[in-house]
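What follows is one structure encoded as structure tokens, with my remarks underneath.
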Amino acid sequence: MNAVAMTLLKNSQSGDTSLGASVSAMGALCEPGQTAVPLKPSATMLAAGARAGGVSVEVAWKIYQAMIHHVD
């Protein structure tokens, strides 16, 4: 967690769990290599993925779903 998120957590009221959860989630997104992505990609995103991978849009959609739903 970064210093800004830690400061915000220290300053938030203990009863405000939604704020704390939001700050924690945003702190996780600040980690190197992490980013927010839509659960459903746009048609443009799917077409670009299909072109890049040399596969159909349907296969690109299945690959995208697999990546989104994979948990480390």
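The values are calculated or read from the model by the stated rules, or taken from the named source; none is laboratory data. Here the structure is a predicted model, which means the values were calculated and not measured. Here Cβ is always computed from backbone atoms with ideal geometry, including for glycine, and neighbour counts include all displayed protein chains.
Points worth noting:
- Test result for LEU46, modelled with pLDDT under 70 and surrounded by 14 or more Cβ atoms within 10 Å (Cβ to Cβ): no
- Residue match in the range 28-36 (condition: part of a helix (DSSP H, G or I) and modelled with pLDDT under 85): yes
- Number of the condition not met by VAL23 [criteria: (1) modelled with pLDDT of 80 or more; (2) within 18 Å of the chain's Cα centre (by Cα)]: (1)
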